[in-house]
Each structure stands twice: as C-alpha cells, then as structure tokens.
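Below: the structure, in structure tokens.
The values are calculated or read from the model by the stated rules, or taken from the named source; none is laboratory data. These numbers come from a predicted model, not from an experiment. FYI the Cβ positions are ideal-geometry reconstructions off the backbone, even for glycines, and counts take in every protein chain you see. For the accessible areas, the whole protein counts, side chains as well, though only heavy atoms, and no ligand, DNA or RNA atoms are used. Shrake-Rupley method; radii C 1.70, N 1.55, O 1.52, S 1.80 Å.
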Amino acid sequence: MRYGMLASVNPTNFMEWMIFLTRKYANLFWQGTWLTLYVAVVGTILGFLLGYLVGIIEDIKLHKEDSVIKKVLVRILKLISIIYVEMFRDTPMIVQAMVIFFGLRQSNVEIGVVTAGILVTVLNTGAYMSETVRAGIKSIDAGQREGALALGMSPMLAMFAVVLPQAFKNIIPEMANTFLTNLKMTSVLNVIGVSELFMTAKTVGGNYYKYFESYLIIAVIYFVLCFLFNRIFLLIERKLSLKSDYVLAVEYMDNQ
C-alpha cells in the first residue's frame, strides 16, 4: 500500500496511522509546535531577566553607613524575593498554572490562556534562574568588584559594568538547560487551555481514538526540537569554553 493513498483509505497499523494523522492534521501540529516554541522562548527570556533582578537583590550588601531607609527597603525586597523563590520552587508548575489563571479570572482580571501560560513560565523560570544568577555573580572573583570600586565606580555601576557581563557569560549554559526544560514543561499548560503540542495531540487523538499514535507524533517533534537546540547550545558552550575566565555557575553551586 502506498502511503500517498493513506488519506483516502483506512490505515491498518500504528505507523500508517501516524502518517495519516500527520498528513491530515499537519497544520494543527505546526500551530502547536509554534505555540510551544513561542511560550518557551518568551517565557525563558523574560524569566531570565526576572531571575537576574531577583539575583541582584539577593546579592545586595548592607553596610553600617547605609541609611535606615535603604536598610529597610533592601530587607523588604530580600524578604519578597525569598518568599517568591520558595513559593515557585516548592510547588509544581501545573498547580501554579491553575492557581494563577483561575485566580486572576476569579478576581475579574481578564487574561488569555497564552498570556497566562507565558506568565506562569516567566515566574517559574525566574525563581529557578535567580539562584543560578546569584551563584554566577558569586563565581566572579571579588577582586573584579573591588578593582572597579577602587577606580571610583559606584557599587551599582560596578555590578552592571563589570560583574554582570561576566556572570552572564558564565550562566549561559544553565540558561540553555532551562530553555530546554521549559520547552518540555509547556505541556502542563494544556490544563488551562493553551493549545500547545500536548493539547494538539490530545485533540487529534480524540478524533479517531488513536491517542498512542498521536502522542508518539509529538514525542518525535519534542525530540527533534530538543536535539537541535541542545546541539546549538553545545556549540555556543564550546566557543565560550575557549576563554580562560569561563566558569560554569552550576559548577560553582556544586562546590559550595
């Protein structure tokens, strides 16, 4: 039997069903793949920025000469960051999605499912990346910051001009790993109606009651996406590893 004729005949085995479903619902699978990538990319980038902000807050040092207002403000920010990180690191992402989406809807805040999915991904990523950012900052030799201060830079300028650029380079591999995790974890967002790959497979499988074949199709898609991105990130990591001052933030965390 020719596979080109499958659209007009009844498939007889799981391989023919996979080809049949792929051909008939190609647009749905493509839309699900695109939405999965969109949520993962946007969520990872914004979550990384949030993690950077939280990591900087956690790294702020207080001195005796600081004003009372600064000490109170910094301690409040540190307390908020600690609560935020612990809440999102210690609860499942699927539960976070349900609480955030239905919680906002119950509070009369109209939010789309895709926006809610990105928000959940951002908050979850930010909580995990904050610890990596903090470790990345601490992995930079203290002499770098001291030298910048000796040159007349303010602590804030020293952080943004000297420490953070080096820390950013060090935590790129962990950021890549987080992106690959988010790419797969978007599947839990189907519980709030995000039409990503998992939701697509559930919909397609339900049309013919061929869930195994449908889920196998998206398993192949996930594998291809993660394999390709992983090779890209490994190539970037090799280029960065040629620099003598390259230290993985995760290695620093493991040595503590």
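Computed values, structure above
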item	result
Residue-level accessible surface for Met175, protein heavy atoms, 1.4 Å, Å²	40 Å²
Inter-label distance for Arg105 and Tyr215, nm, one decimal - labels placed 7 Å from Cα along Cα-to-Cβ	2.5 nm
Intensity falloff of the chain expressed as log10 I(q)/I(0), Debye formula with alpha-carbon point scatterers, at q = 0.16 Å⁻¹	-1.18
Accessible area (Å², 1.4 Å probe, nearest 10) - Thr200	10 Å²
Under DSSP loop assignment and at most 13 Cβ neighbours within 10 Å, longest trypsin sites (Lys or Arg not before Pro)-free interval of the chain	65-242
Among the listed pairs Lys64/Lys169; Lys138/Lys239; Lys78/Lys184, those beyond 26 Å (Cα-Cα)	Lys64/Lys169; Lys78/Lys184
Relative contact order computed over the stretch 2-255 (Cα-Cα under 8 Å; 6+ residues apart), in percent	29 percent
Solvent-accessible area of Ile221 with every protein chain in place, 1.4 Å probe, in Å² to the nearest 10	40 Å²
Angle in degrees between helix 113-138 and the longest Cα principal axis of the chain, rounded to the nearest 10	40 degrees
Fluctuation leader among Glu86, Glu131, Glu196 - the chain, Gaussian network, Cα springs under 10 angstrom	Glu86
